[in-house]
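The values are calculated or read from the model by the stated rules, or taken from the named source; none is laboratory data. Since the model is a prediction, treat every value here as computed from it, not as a measurement. Every residue, glycine as well, gets a Cβ built from its backbone with ideal geometry; the counts of neighbours run over all protein chains shown. These area figures cover heavy atoms from the full protein model, side chains too; ligands, DNA and RNA do not enter into them. Shrake-Rupley method; radii C 1.70, N 1.55, O 1.52, S 1.80 Å.
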Amino acid sequence: MRKPFIVANWKMHKTVDESVKFVKAIRDQLPDPEEVEVGIAAQAFSLYPMAAAVGKSGLQIIAQNAAAEYSGPYTGEISLRGLHDLGSRYAMLGHIERRRLFGENNAAVSQKVKAALQIGVTPIICTDETMVQKEVNGEIHYVFQQLMSVLHGVSLDQIRRVVISYEPSWAVGVGQHANATLAEEGCRMIRRTIADNYTYEIADKIRILYGGSVNPDNIKEIMAKPDIDGALIGRASLDVDNFLKMVNYAKNEEAQLAKQAPSKKK
Ligand code: PGA
């Protein structure tokens, strides 16, 4: 059973004060962490004060990027050693904006992924739709070349600790409606790629999130898809009410069913 994981990606938004206020506003209204995991990927300078404010909520405070080196002369970079020390269990790596705007390539993301795994921080590996078809024994197999290149050198043991986020470029930050069917298709293909390159058992357990124009109106439909285990949410996650609606998507559904139940019985 894969536990759903809903992650806010705040990108370069919110001051420390705004970030901490947000955490305080949501921390008592989050779903049971045993049932749904919730995280916020915030700017590096806000991670510590946010982590101090999570209380017993189980909210994960996540870095949006990290360097492959643990320490040294790397001005402006974010150290995984520091993140680990802070208690950050996850780091988002290889986001499409890092690739597009800051020239991160597969080799660089791969180094970061391995450094994260080695120090005990779980990478949330972002990947887009770059996919090729190849024929093996008369069967068509889909291969996410970008993802497989990032996973190069990641062992059977390590892959179990990875979270993957599928973020097709047509859907990220463009205000377009997320297409749940295409989102599911991409996540299913990624799972199949993991099965082909690792094992079925691992593919069945690995969590695959979808990112790109998720909002309170479409999250239920997206989360109902069998191969989508969570969402990485940009714009819609910046508002407290919207975020609470999205992380409580399952609860909202129960509440709605409960509301409908009396009239159904009549
Ligand atoms: P969006 O961003 O929800 O604003 O499309 C998603 C992301 O960049 O992770």
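Going by the conditions given, is ILE61 modelled with pLDDT under 95 and buried (at least 18 other Cβ atoms within 10 Å of the Cβ)?
Values: modelled with pLDDT under 95: no; buried (at least 18 other Cβ atoms within 10 Å of the Cβ): yes.
Spelling it out, it is not the case that ILE61 is modelled with pLDDT under 95 and buried (at least 18 other Cβ atoms within 10 Å of the Cβ).
Restricted to segment 197-211, and to residues that are of a type in the set (A, V, I, L, M, F, W, C) and over 20 Å from TRP170 (Cα atoms), which residue is nearest to the ligand (Cβ to nearest atom)?
From segment 197-211, those of a type in the set (A, V, I, L, M, F, W, C) are 202-203, 206, 208-209; that's our starting set.
Keeping just the survivors that are over 20 Å from TRP170 (Cα atoms) gives 202-203, 206.
Values: ILE202: 24, ALA203: 23, ILE206: 19 Å.
The extreme case among them is ILE206.
Restricting attention to segment 196-222, which residues are open to solvent by 10 Å² or more (accessible area, probe 1.4 Å), within 21 Å of GLU139 (Cα to Cα) and either outside any helix (DSSP H, G or I) or not acidic (Asp, Glu) (or both)?
Scanning segment 196-222 gives ASN197, TYR198, THR199, TYR200.
I need the full set of residues from segment 1-14 which are farther than 15 Å from ARG235 by Cβ and touching a residue at least 12 places away in the same chain (Cβ under 8 Å), in order please.
Going through segment 1-14, the residues farther than 15 Å from ARG235 by Cβ turn out to be 1-5.
Correct list: ARG2, LYS3, PRO4, PHE5.
Filter segment 1-18 for residues that are modelled with pLDDT of 95 or more, more than 12 Å from the ligand (Cβ to nearest atom) and surrounded by fewer than 21 Cβ atoms within 10 Å (Cβ to Cβ) and give the result.
Selection gives ARG2, LYS3, PRO4, LYS14, THR15, VAL16, ASP17, GLU18.
Under 6 Å between Cβ atoms, at least 6 apart or on separate chains: pull out the pairs that start in segment 116-136 with a residue that is on the phi > 0 side of the Ramachandran plot and end on any residue that is assigned to a strand (DSSP E or B) and open to solvent by 60 Å² or more (accessible area, probe 1.4 Å).
Pairs that qualify, where the first residue is on the phi > 0 side of the Ramachandran plot and the partner is assigned to a strand (DSSP E or B) and open to solvent by 60 Å² or more (accessible area, probe 1.4 Å): there are none.
In the list VAL154, VAL150, VAL214, VAL163, which residue meets the criterion of being within 16 Å of the ligand (Cβ to nearest atom) and within 18 Å of GLY94 (Cα to Cα)?
Working: VAL154 fails: within 16 Å of the ligand (Cβ to nearest atom); VAL150 fails: within 16 Å of the ligand (Cβ to nearest atom); VAL214 fails: within 18 Å of GLY94 (Cα to Cα).
Every option except VAL163 fails the conditions.
Scanning for something more than 17 Å from ILE124 (Cβ to Cβ), in contact (Cβ under 8 Å) with a residue 60 or more places away in the chain and in contact with a Leu (Cβ under 9 Å, 6 or more places away or on another chain), does segment 194-212 turn up at least one residue?
No: segment 194-212 contains no residue that is more than 17 Å from ILE124 (Cβ to Cβ), in contact (Cβ under 8 Å) with a residue 60 or more places away in the chain and in contact with a Leu (Cβ under 9 Å, 6 or more places away or on another chain).
If I ask for residues that are within 16 Å of the ligand (Cβ to nearest atom), in contact with a Lys or Arg (Cβ under 8 Å, 6 or more places away or on another chain) and assigned to a loop (DSSP other than H, G, I, E, B), which ones from segment 223-244 would you list?
ASP229, GLY234, LEU238
Looking at segment 137-195 only, could you name the residues that are aromatic (Phe, Trp, Tyr) and open to solvent by 10 Å² or more (accessible area, probe 1.4 Å)?
Filtering segment 137-195 for residues aromatic (Phe, Trp, Tyr) gives 142, 144, 166, 170.
Listed by number, the residues that qualify are TYR142, TYR166, TRP170.
Looking only at segment 225-239, which residues are touching a residue at least 40 places away in the same chain (Cβ under 8 Å), more than 16 Å from GLU37 (Cα to Cα) and not charged (D, E, K, R)?
Matches in segment 225-239: PRO226, GLY234, LEU238.
Are there any pairs, at least 6 apart or on different chains, whose C-beta atoms fall under 7 Å, with the first in segment 95-112 and under 16 Å from SER169 (Cβ atoms) and the second of a type in the set (Val, Ile, Thr), and if so, which?
Listed by first residue and then by second, the contacts come to ILE96/VAL172; ASN106/VAL150; VAL109/VAL150.
Could you grab the pairs with beta carbons closer than 7 Å, sequence gap of 6+ or different chains, first residue in segment 72-87 and under 18 Å from VAL109 (Cα atoms), second one open to solvent by 50 Å² or more (accessible area, probe 1.4 Å) and at pLDDT 95 or above?
These pairs meet every condition: ILE78/ALA44; SER79/TYR70; SER79/SER71; LEU80/TYR70; ARG81/TYR70; ARG81/SER71.
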